[in-house]
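Nothing in this text is a laboratory measurement; each read-out follows from the coordinates by a stated rule. The shown structure was predicted, so the numbers you read here are calculated from the model rather than taken from an experiment. Cβ: placed from backbone, ideal geometry, glycine included. Neighbour counts: every protein chain shown.
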Amino acid sequence: MNEPEKLIPLHGGYRKLKSFQMAQLAYDVTVRFCDRYIEKRSRTRDQMVQAARSGVQNIAEGSQASGTSKKTELKLTNVARASLEELRLDYEDYLRQRGLAQWPPEHPALMRFKAKRCATLEQVRAWVAEERSGQTRTDTDGQGRGKVERKSVRVSERPCSFVPSSAQLVANAALSLLNLACHLLNRQIATLEKNFVEEGGFTERLYRVRTERRKHVVSSSHS
């Protein structure tokens, strides 16, 4: 027998969302990035940190609001997605304005980064240190234009190998995280839209719950 529909269903649980986890890691990376590479008095610094924070906070707030308002959840999740898009553009601008390459997803360094499945800022920092050490060099110019080697080689074996700066590594890693977070949020928003259209929100649920309880009262009075 099916359980009666609850007026306020289970909600929250945002910490288990992969989109939240990726957005939170991107936030941590951004705070560190801005501390090290963006002028403290720059407006861009504040905008990047606020955009990163907005992404995280709106995912969480939307999840918490879902119990009573699917419309609010959908709205706030869209705000989170827009905030992360803004942040993604800031990283792209940083690289372009400094003549640093934005690497494609299949770039060897990014492939190694994604293989790490970093979940914390410390793990991202460890990846940067590893790349900077030259022990995993696979690209020749750091710009994504050089010939890609099939095997990793030590820097001593290729003394002319290009070692990208920490800023370039972190910016591209942040973009990789943001690409994934935005992809996950796109899927999340599509699911929320579908559910909202098919099931409605709090008002529709309130009507269904009231109707079901009235039927139950009538049925009980006749038995």
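A few remarks follow.
- Flagged links, alpha-carbon separation over 22 Å, of Lys16/Lys75; Lys70/Lys194; Lys18/Lys40; Lys18/Lys114: Lys18/Lys40
- For the pair Arg96 and Asp28, label points projected 7 Å from Cα toward Cβ lie 3.0 nm apart.
- Using a Förster distance of 30 Å, the FRET efficiency for Glu86-Phe162 (Cβ separation, nearest 0.05): 0.45
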